[in-house]
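For reference, the structure discussed in these notes is given below.
The values are calculated or read from the model by the stated rules, or taken from the named source; none is laboratory data. Quick caveat, the model's predicted, so the values are computed rather than measured. Methodologically, a virtual Cβ is constructed for each residue, glycine included, from the backbone with ideal geometry; neighbour enumeration extends over all protein chains shown. These accessible areas exclude ligands, DNA and RNA; they are computed on the full protein's heavy atoms, side chains included. Shrake-Rupley method; radii C 1.70, N 1.55, O 1.52, S 1.80 Å.
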Amino acid sequence: MTHADSTPFDRHRLVIAVDGTSGSGKSSTSRGVAERLGLRYLDTGAMFRAMTWWLLREGIDVRDAAAVAAAVGRPAIESGTDPRDPTITVDGVDVSVEIRSDEVNGAVSPVSAVPEVRARLLDLQRAVIGDGGIVVEGRDIGSVVWPQAEVKVYLSADPDARAQRRAAEQGGTDVASTQQSLLERDRIDSGRATAPLTMADGAVHVDSTHLTLPEVIDQIVALASTPRDTGTRDA
Ligand code: DC
């Protein structure tokens with residue numbers, strides 16, 4: 001790791017927003033960028049997953065938006081922001097493994113569409129971002145959570161590439177069913193009324209389909225080395 005990469009922004013205040021679809025490489029990329037630039041890292045998807053895990057454990061019907069809305073204030077969700085060892089706890093219990101289960105994968109998009117869930121987690125996300133110095137990954141970071149981010153990236157990759165990466169991460173699970181699950185989440189995440197997945201104003205589109213992880217990290221570190229202009233653009 002090197003902290004030698006230069007950036008015209010105040011490193012202690014810099015916010016890099018990385019949005020994109022499931023499996024586009026957001027987590028590995030965001031962690032890598034945070035390590036390279038000596039920044040903190042926040043995985044907002046893990047927060048939605050943690051809320052979903054807790055709702056399932058409490059036996060709350062995740063398709064019942066009113067029941068979900070009534071419960072959102074109860075769990076204490078905390079994110080550790082070290083990019084080398086990001087953590088997520090619910091009521092003090094580490095749930096980093098549990099939140100990646102098929103059960104959570106299947107329930108997290110409908111839970112994320114409930115406005116009260118988003119409002120609760122938005123407060124937590126903004127509190128963690130605080131004065132900045134952080135790479136934040138999610139779906140609505142550049143559009144809703146932190147529109148003033150100095151660097152905004154929209155990361156995408158072809159569905160085939162995404163499914164193959166995710167299946168490999170999960171120890172060789174079936175690529176076809178992984179792809180179906182990713183596309184179903186994309187459909188709900190992009191179509192919901194509140195804070196849908198979208199390319200934010202000022203975001204730079206990086207298509208990672210044919211790029212290696214270090215190449216994607218390099219592109220984003222390079223963006224953090226040049227002041228951003230307005231309007232969306234391709235890298
Ligand atoms: O990035 P991920 O696959 O771990 O995210 C899991 C789900 O959380 C995703 O399907 C949508 C939701 N999510 C969201 O709605 N807004 C965010 N900022 C991050 C994730």
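In this structure, is Gln170 of a type in the set (S, T, N, Q), within 13 Å of the ligand (Cβ to nearest atom) and open to solvent by 60 Å² or more (accessible area, probe 1.4 Å)? Yes: the conditions hold for Gln170. Might you check whether a residue that is small (Gly, Ala, Ser) and under 22 Å from Gly142 (Cβ atoms) occurs anywhere in region 170-191? There is at least one residue in region 170-191 that is small (Gly, Ala, Ser) and under 22 Å from Gly142 (Cβ atoms). Can you tell me which residue in region 121-138 is farthest from the ligand (Cβ to nearest atom), limited to those that are more than 16 Å from the chain's Cα centre (by Cα) and surrounded by 16 or more Cβ atoms within 10 Å (Cβ to Cβ)? Of everything passing the filter in region 121-138, Gly133 is farthest from the ligand (Cβ to nearest atom).
Test Thr173 against the stated conditions and say whether it is more than 18 Å from the chain's Cα centre (by Cα) and among the hydroxyl-bearing types (Ser, Thr, Tyr).
On the way: more than 18 Å from the chain's Cα centre (by Cα): yes; among the hydroxyl-bearing types (Ser, Thr, Tyr): yes.
So Thr173 passes the test.
Taking first residues from region 126-152 that are among the polar types (S, T, N, Q) and partners that are buried (at least 24 other Cβ atoms within 10 Å of the Cβ) and not in a loop (DSSP other than H, G, I, E, B), no Cβ contact under 6 Å between residues at least 6 apart in sequence or on separate chains turns up. Residues that are under 13 Å from the mean Cα position of the chain (by Cα) and small (Gly, Ala, Ser) were ranked within region 28-49; the one that is surrounded by the most Cβ atoms within 10 Å (Cβ to Cβ) is Ser30.
Selection within region 8-27: residues that are of a type in the set (D, E, K, R) and not in a helix (DSSP H, G or I). The member of this set that is nearest to the chain's Cα centre (by Cα) is Asp19.
State which residue is modelled with the highest pLDDT when the search covers only region 189-211 and only residues that are within 19 Å of the chain's Cα centre (by Cα) and surrounded by fewer than 16 Cβ atoms within 10 Å (Cβ to Cβ). Per the stated criteria, the residue is His205. Screening Gly73, Gly106, Gly25 for residues that are surrounded by fewer than 20 Cβ atoms within 10 Å (Cβ to Cβ), within 12 Å of the ligand (Cβ to nearest atom) and touching a residue at least 24 places away in the same chain (Cβ under 8 Å) leaves exactly one candidate, Gly106. Taken together, the residues in region 173-196 that are over 18 Å from Val104 (Cβ atoms), within 14 Å of the ligand (Cβ to nearest atom) and among the aliphatic types (A, V, I, L, M) amount to 2.
Taking Thr89 as the residue in question, decide whether it is surrounded by 16 or more Cβ atoms within 10 Å (Cβ to Cβ) and either part of a strand (DSSP E or B) or more than 11 Å from the ligand (Cβ to nearest atom) (or both). Give the derivation first.
On the way: surrounded by 16 or more Cβ atoms within 10 Å (Cβ to Cβ): yes; either part of a strand (DSSP E or B) or more than 11 Å from the ligand (Cβ to nearest atom) (or both): yes.
Answer is yes for this residue.
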